[in-house]
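Down below is the structure, laid out as structure tokens.
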Amino acid sequence: MKGTATSVEAQATDLTDLTERALLSEAAEIEAVLREGEVHKLRIAYQWAVAHPALDSCETPEGPVLPSVLSEPETLGGAGTPAVAAFTSEPLAVALGCSPTSASSVLADALDLHHRLPLLWDQARALLVPVWKARRVASRTRHLSVDAARWVDRQVAGRSSSLGAAALDRLVAEAAARCDGEAQLDREAAARATWDVVLVHPDPHRCSGTSELRAIGDTLDLTRFNDVVCAEAEALGALGDTDELGVRKAKALGVIADAQARLDLTSLVDRGDLGARDQARREALARRGATVRLYLHASLSDVVTDEPTATGSGESLGPVTLDKIREWVGRSRVTVQPVLHVAADDRWSVDRHDPPPRMAEQVRLRDETCVFPWCGRSARQCDLDHREPFEDPGDGGPPGQTSPASLAPLCRRHHRAKTAGRWSYERTGPGSYLWTGPAGLTVLVTPRGTVRA
């Protein structure tokens, strides 16, 4: 033990003498080793499961009998995966140093990847997709049929490497909903049963005069209400309120409640000055009727056939049945905007710094997320960066500097990284960017994933 400790300490000390390039090389190497280790752990788990098949019966002196309830086989994976003998996970849990529940999860994911998600498993074995993403897809498709899981496998295998956890979950949920509309209807109905508004009063010794309001409800209703709250908070700031935005949003709840209470009490007060009260009511109703923009995508054929189980998707929300979309459309002001063919033509340009709305929409639809390697922040939450510094045309700048080809979405953090000069990138094609970072690090971001160049 003493020799091992000395060796580990020596290795750790040696890192202090490495250059930036060497440290990054070490980081890349250890990441590859860890991925190989995770893949190998899944291979071991699968072999362990295969080596412990379920037994339909066992031999006794009196002949074959079914196993007792305490030793009946366990079905860990989804449909189409073999069952395993009872308590298969316990020895593996001891060997891995984890709980039996965790070991069961490893076994289930290994079985699903082998039998239900072969394309994703091939990519994980080739170290193109991190194991945690492959396992995440496996766990979230376990309730699907074999055919549905295979369909999801084809949809996510080529895209999962470039997606973060939240985006990956939405993609899997959307793919699952499209091949199992009935289940999506059931999930929407089950989710509706959880709707509630709860007022929580924390410990008064810690939170004197402060409470928490929790709301679970219809996505459109809560989105609209959130927009109204944010608008009221911005108005408070414009009127001179110097509190932080979060505090002003909380205060806006009181403003909205006061306005609503005054509207409800108008029938009980003196009927004088009806014009002022009517004006106040109209202004309040205008706020309540604020337009909400949700980006909903659906197949035209599904819309025309009016199939109740057909499923579309809400950008950043995941799958939504067309019935739910129709319900939202029926009680809201809606603007229908055709989806641009974002790869068709990105050569048009304008002679100004800020892109027009149509151009900004085209860039965000084309790239979907921040184009920095492995950054999953939505493009709608990003700045549109000029890859080359913009020069005012009035000061001699060339014409046509602002075009879809010259713009890319960058989140604020990675915009700063690029501006500071630590990272730079060049466009290699629509939606593809070659990044260069410290110590000569190069990474290629493509619509199909991110790879080290």
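The values are calculated or read from the model by the stated rules, or taken from the named source; none is laboratory data. Please read these numbers as outputs of a predicted model, since none were measured by experiment. Cβ placement follows ideal geometry from the backbone for every residue including glycine, while neighbour counts extend to all protein chains displayed. Heavy atoms of the whole protein, side chains included, go into the accessibility calculation; ligands, DNA and RNA do not. Shrake-Rupley method; radii C 1.70, N 1.55, O 1.52, S 1.80 Å.
Assorted remarks:
- ³J(HN,Hα) computed for each position of the stretch 365-372 - Karplus, 6.51 cos²θ - 1.76 cosθ + 1.60, integer Hz, glycine/proline x: 5, 5, 9, 6, 9, 3, 8, 5
- Rounded to the nearest 10 square angstrom, residue 92 shows an accessible area of 10 square angstrom against a 1.4 Å probe.
- Heavy-atom accessible area ranking, 1.4 Å probe, most first, across 107, 128: 128, 107
- Rounded, prolate or oblate (a/c below 1.5 giving rounded, otherwise prolate when a/b exceeds b/c) for the stretch 378-453 by Cα gyration tensor: prolate
- Take residue 151: with every protein chain present and a 1.4 Å probe, its accessible area is about 80 Å².
- The modelled label-to-label distance between residue 200 and residue 40, using points 7 Å beyond Cα along the C-beta direction, is 4.4 nm.
- 350, 320, 94, 197, ranked by accessible area, largest first (probe 1.4 Å): 94, 197, 350, 320
- Counting only heavy atoms of the protein chains and using a 1.4 Å probe, residue 383 has close to 40 Å² of accessible surface.
- Ranking 46, 425 by solvent-accessible area of protein heavy atoms (1.4 Å probe, all protein chains present), from largest to smallest, gives 46, 425.
- Computed from the C-beta positions of residue 395 and residue 19, the FRET efficiency with R₀ = 45 Å rounds to 0.60.
- Of the residues 417, 400, 384, the one whose Cα sits farthest towards the positive end of the charge dipole of the stretch 376-430 is 417 (charges of +1 on Lys and Arg Cβ, -1 on Asp and Glu Cβ, taken about the Cα centre).
- Between residue 350 and residue 243, the simple spin-label model (points 7 angstrom out along Cα→Cβ) gives 3.7 nm.
- With a Förster radius of 41 Å applied to the C-beta separation of residue 432 and residue 309, the computed FRET efficiency comes to 0.65.
- Between residue 422 and residue 85, the simple label model (points 7 Å from Cα in the Cβ direction) yields a spacing of 5.4 nm.
- Rounded FRET efficiency, nearest 0.05, which uses the C-beta distance separating residue 145 from residue 386 and R0 of 45 Å: 0.40
- Accessible surface, per residue, of the stretch 386-434 when the full set of protein chains is kept, probe 1.4 Å, Å²: 55
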